1. Compute the long axis of helix 135-151 from its Cα atoms, compare it with the longest principal axis of the Cα atoms of the chain, and write down the angle in degrees, 0 to 90, nearest 10.
2. Quick one: what are the phi-derived ³J(HN,Hα) couplings along the range 211-227, Karplus 6.51/-1.76/1.60 with θ = phi - 60°, whole Hz, x for glycine and proline?
3. For the chain, give me the percentage of DSSP beta bridges that are antiparallel, rounded to the nearest 5 percent.
4. Give me the number: length gained by fully extending ARG22 to SER207, i.e. 0.36 nm times residue separation minus the C-alpha to C-alpha distance, one decimal in nm.
5. Name the long-range amide H neighbours of CYS25: under 5 Å, sequence gap of 5 or more, or other chain; modelled H, no Pro or chain starts.
6. Rounded to the nearest 0.05, what FRET efficiency is calculated for ARG51 and ASP120 with R0 set to 25 Å and r the Cβ-Cβ distance?
7. Mind checking the angle between helix 246-256 and the chain's longest principal axis? C-alpha axes, 0 to 90 degrees, to the nearest 10.
8. How many nm is it between the label spots at PHE89 and ARG193, if each spot is 7 Å from the Cα in line with the beta carbon?
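Taken together, the values in this text are just the output of simple stated rules run on the coordinates, not laboratory data. For clarity, every value in this text was computed on a predicted model and none was experimentally measured. Positions of Cβ are generated from backbone atoms using ideal geometry, with glycine treated the same way; all protein chains shown enter the neighbour counts.
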Amino acid sequence: MPFAVADSLVARGIAPVVFALRGACDPARVERFRHHWISVGQLGRATRLFRSEGCRDLVFIGSLMRPALSEIRLDWGTIRVIGELMSAFRGGDDHLLSGIGRILERDGFRMVGIRDVAPDILMPQGAIARATPDAAATADIGRGREVLGALGPFDIGQAVVVIDGHVVAVEDIEGTDGLLARVARLRETGRIRAKPGRGVLVKAPKSGQDLRFDLPTVGPKTIEGVASAGLAGIAVIAGSTIAADAQGMVAAADKAGLFIQGLPA
């Protein structure tokens with residue numbers, strides 16, 4: 001996903017600079033762009049590099065397994081704001097990213113979202129695969145949106161699986177791929193008795209979430225997980241969900257007979 005955003009910028013004549021986190025980025029892909037490597041905890045080094053490159057606009061892209069505080073390599077720039085960082089760590093991902101964003105903005109940078117820099121990779125409204133949701137799936141989508149709206153203030157997750165009106169799984173720290181794998185295991189063990197081809201994965205930003213950070217993301221791997229979980233399709237919020245490799249998603253969905261639905265905000 002980070003490189004899809006960078007490619008989108010290049011296609012529009014904007015030269016991105018990638019600041020890659022050690023241990024979280026693919027070096028072969030990073031090498032395609034002007035870049036610098038930084039370690040988690042090197043906030044001082046990062047801000048010096050941002051300024052040396054003339055980068056005023058910053059965007060957080062991709063995923064990162066949250067490190068333990070003891071694993072962070074602290075530099076002086078980080079120590080200067082360690083109290084704020086520790087407070088940001090005591091919450092969900094949105095709380096953490098928003099906290100780091102506020103520190104950078106106070107230093108004169110501007111945090112922008114993928115919706116601002118690469119709107120072409122966001123999910124459009126409506127169906128993008130051949131299949132479309134039937135009445136049962138539409139009802140499940142509605143229930144899923146209600147559940148995510150209720151969970152949003154707790155900063156838990158951005159996805160839920162609903163089958164025939166029953167909430168069978170909610171996303172947690174394992175992410176969407178882990179959620180779908182869990183649903184597949186529940187089917188295998190007989191805990192889910194509904195016939196394959198029913199049920200929906202619903203993804204949406206958390207209510208009150210800062211949409212500059214951590215937008216829900218789907219891609220071909222998501223479609224593979226939905227197929228393995230025996231669901232009928234996925235429904236996500238249009239304009240606020242990243243569709244990584246949309247063509248690959250549609251091809252995988254059409255092959256499996258699944259729907260992909262972009263919902264109005």
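1. In the chain, helix 135-151 runs at an angle near 40 degrees to the longest axis.
2. For the range 211-227, the Karplus curve yields 6, 7, 10, 6, 5, x, 9, 10, x, x, 5, 4, 4, 4, x, 5, 5 Hz.
3. On the way: 11 of 29 bridges.
Looking only at bridges with both residues in the chain, the antiparallel portion is about 40 percent.
4. On the way: separation 185, 0.36 × 185 = 66.60 nm, distance 3.14 nm.
Length gained between ARG22 and SER207: 63.5 nm.
5. none
6. Details: r = 29 Å, r/R0 = 1.16.
The calculated FRET efficiency here is 0.30.
7. 20
8. About 4.7 nm, to one decimal.
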